[in-house]
1. Give a quick list of chymotrypsin sites (Phe, Trp or Tyr not before Pro) in the range 142-245 that DSSP marks as loop, anything other than H, G, I, E or B, with at most 12 other Cβ atoms within 10 Å.
2. Starting at the first residue of the range 161-171, write each ³J(HN,Hα) from the Karplus equation 6.51 cos²θ - 1.76 cosθ + 1.60 with θ = phi - 60°, in whole Hz, x for Gly and Pro.
3. Hey, which lysines would be in cross-link range of LYS207, C-alpha to C-alpha under 27 Å, not counting anything within fewer than 8 residues on its own chain?
4. Which far-off residues, 5 or more places away or on another chain, put their amide H under 5 Å from the one on ILE2, with H placed in the peptide plane?
5. Suppose R0 equals 45 Å. What FRET efficiency, 1/(1 + (r/R0)^6) with r the Cβ-Cβ distance, do THR51 and PHE174 give to the nearest 0.05?
6. Put +1 on the Cβ of each Lys and Arg and -1 on the Cβ of each Asp and Glu in the chain; which of ALA69, LEU106, ALA53 then has its Cα farthest toward the positive end of the dipole?
7. Could you tell me which chymotrypsin sites (Phe, Trp or Tyr not before Pro) in the range 42-145 are loop residues by DSSP with no more than 15 other beta carbons within 10 angstrom of their beta carbon?
8. I need the per residue convex hull volume for the range 3-234, using only the alpha carbons, in cubic angstrom as a whole number.
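Values in this text are rule-based calculations from the coordinates and carry no lab data. Just so you know, these numbers come straight off a predicted model, no measurement behind them. Ideal geometry is used to build each Cβ from the backbone, glycine not excepted, and the neighbour counts take in all protein chains shown.
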Amino acid sequence: MIVDIHTHILPGVDDGATNFNEALEMARLAVADGTTHLFATPHHRDCTPLTRAEVSDRVAKLQVRLDKANIPLTIIPGHEVRLYDDMLDDWDRELAGPLGNSRYVLAEPLFHHYDAHTNEMLFELFDRGYIPIMAHPERILPIQKDLSLIEPFLARGGLTQITSSSLYSDKDRFAHQTALTMLRNGMAHIIASDAHKPYRRRPILMKAGQAAARIVGSSQAEAMISTNPAAVVQNKLISAPTLAV
Ligand SMILES: [Fe+2]
């Protein structure tokens with residue numbers, strides 16, 4: 001089972017797929033790369049606000065299109081939950097929610113700001129019984145400057161998702177370097193594409209898995225694109241590598 005926990009494949013919702021054709025093209029690319037399951041994680045803000053039920057409804061419609069086109073890919077509903085100050089209000093209104101019906105939440109810090117309150121919101125999710133998976137910390141500027149910012153989150157049992165392209169490409173030099181450092185330090189748990197278009201941050205994982213294998217070895221790299229994200233689908237506990245800081 002190869003699982004991509006972070007994509008913007010749902011058409012016409014955010015800055016991801018524009019229409020069904022683009023979504024189908026993304027799905028074909030994912031399948032060609034070996035992906036079997038993919039979470040649709042539209043931004044919960046700065047886009048069309050969708051409740052959990054509305055995301056599920058749109059995912060069901062997309063799944064019908066995929067099935068008709070004979071594309072063997074299972075789409076699971078989710079949200080990419082942005083850690084705005086009032087995120088928990090949106091959570092309570094079901095405008096932000098977990099990955100599928102699991103205990104895992106894809107939580108995205110703001111790109112230019114990370115402070116104690118960011119950690120407090122993540123801790124509140126833990127208190128409610130969830131396990132946050134931080135979306136692409138390697139692309140967040142304050143974290144690039146100071147990785148220790150996320151140590152309290154990791155110490156609490158938080159997980160991280162590195163974006164594929166941060167590993168296989170050094171176009172964003174700082175994200176690339178931060179991703180490599182996180183891998184070396186045991187601070188990375190899942191690789192996902194954060195695919196937005198068939199041509200922008202494409203829905204591919206294998207190239208990133210190979211890049212990760214060169215640093216952490218093949219079994220840990222496999223855990224990052226298969227075992228760990230599969231545990232999200234199955235709502236099983238993920239055993240994180242010991243933190244080396
Ligand atoms: Fe995203």
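1. Details: sites: PHE153, TYR168, PHE174, TYR199; in loops: TYR199.
Answer in residue order: TYR199.
2. 10, 8, 7, 2, 5, 5, 8, 8, 10, 10, 4
3. Hits, sequence-local ones excluded: LYS145, LYS171, LYS197, LYS236.
4. For ILE2, the qualifying residues are THR36, HIS37.
5. 0.80
6. Sorting the options by dipole projection puts first ALA69.
7. Numbers: sites: TYR84, TRP91, TYR104, PHE111, TYR114, PHE123, PHE126, TYR130; in loops: TYR84, PHE111, TYR114, TYR130.
Passing sites in the range 42-145 are PHE111.
8. On the way: hull volume 24.6 nm³, N = 232.
For the range 3-234, the hull spanned by Cα atoms encloses 106 Å³ per residue.
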